[in-house]
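Participant: To start, I am sharing the structure in question, which I have written as C-alpha cells.
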Amino acid sequence: MTGAGTNTYLLGDEEIAVLDPGPAIDEHIDAILEAGAGRIRWIVCTHTHPDHSPAWKAVYEATGAQVLGALPADDMFQDDTFRPDWKLAHDDVLGTGEFTLRAVHTPGHVSNHFCFFLEEERMLFAGDHIMNGSTVVIVPPSGDMKAYIESLQLLLRYDLHLIAPGHGEVMEDSKGVVEWLVNHRLQREAKVIKGLRRTGRADLDTLVKVVYDDVDEGLHEMAKLSMSAHLIKLHQENRALQHPGDETWELIEI
C-alpha cells in the first residue's frame with residue numbers, strides 16, 4: 001500500500017523542519033537525525049496513519065523539536081501516540097527565516113489530513129491526499145469522498161508549481177494532476193450510479209464486480225472501501241439509499 005515507501009522531506013538549511021517522519025524504523029530515524037545534524041527544530045505531520053507519523057516520537061526525543069499536526073482521527077489504522085505541540089488549523093503558517101509553510105486542511109483520505117504549501121517554491125507537500133502512481137483509498141467513516149473531492153478542488157485556488165507526494169516522485173503540471181484526480185473520482189462515481197441502475201438493489205460484493213470490473217479481483221476488498229465512500233457521498237446528496245437491515249444499496253431516481 002505504500003509503494004516504494006513513505007517520503008520524508010527535510011525543509012530548510014540552518015533550521016530544519018522534518019515533514020512526515022514516517023514509520024518508527026530505526027534505520028530511517030537514524031538517517032533523519034544524521035541528515036538533520038543538530039538543526040531539526042520542527043516535526044510536521046500530514047496525518048497520523050502508521051506509515052507517516054510514528055517516527056515523530058524518536059525524532060522529538062532526540063531533538064526537542066516542536067511537533068505540528070492534528071490529533072489522531074477517530075478510526076482504525078491510527079498512530080495513537082501522536083501528540084502535537086501545535087494543533088494545526090487551516091491556514092496556519094510556520095514561518096522561518098528561510099521558508100514559509102502554510103497548512104491546508106484537506107480532509108478526505110482521513111479527517112485529520114493536512115497538505116502543506118511551501119510558498120517560496122510553490123510546492124505542495126501532499127501526504128496521502130495525492131500520490132504518484134496510484135489513487136488514494138478513501139476509508140469511511142473518517143475517509144469521506146465528498147470532502148476528498150472538495151479538498152482537491154480547494155487546491156486549484158493555490159498557485160501550485162510542484163506536488164511532492166507522500167509516496168512516489170515529485171509531480172509537475174500540478175493543476176493538470178489535480179484536475180485529473182477530480183475527473184477520475186467523478187467518472188468512478190458515474191460508474192457507481194450506472195452499476196446500481198444495472199444491478200438494482202445490491203450489496204457491496206455484487207456491486208464491486210460491476211463498478212470495478214477494470215480492476216483485478218484481488219483488489220476488490222480494498223476497492224469496496226472507496227466504493228462505500230462514493231455511496232455515502234451519493235447518500236449525503238440524496239441520490240442513493242442504504243438499507244441497514246441487509247446492507248444493500250439502491251439508486252434514488254429523481
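The values are calculated or read from the model by the stated rules, or taken from the named source; none is laboratory data. Keep in mind the model is a prediction, meaning the values are calculated, not measured. Here the Cβ is made from the backbone with ideal geometry for all residues, glycine too, and neighbour counts use every protein chain on show.
Participant: Under 7 Å between Cβ atoms, at least 6 apart or on separate chains: pull out the pairs that start in the stretch 22-47 with a residue that is assigned by TED's automatic domain parsing to the domain that holds GLU61 and among the aromatic types (Phe, Trp, Tyr) and end on any residue that is at pLDDT 95 or above and surrounded by fewer than 17 Cβ atoms within 10 Å (Cβ to Cβ).
Facilitator: Within 7 Å, the pairs are TRP42/GLN66.
Participant: So which of LEU160, LEU152 is within 24 Å of ARG102 (Cα to Cα) and under 16 Å from the mean Cα position of the chain (by Cα)? Let's see the steps before the verdict.
Facilitator: Values: LEU160 fails: under 16 Å from the mean Cα position of the chain (by Cα).
Criteria check complete, one pass: LEU152.
Participant: Can you name every residue in the stretch 160-206 that is in contact (Cβ under 8 Å) with a residue 12 or more places away in the chain, more than 21 Å from HIS113 (Cβ to Cβ) and either among the polar types (S, T, N, Q) or assigned by TED's automatic domain parsing to the domain that holds VAL104 (or both)?
Facilitator: Correct list: HIS161 only.
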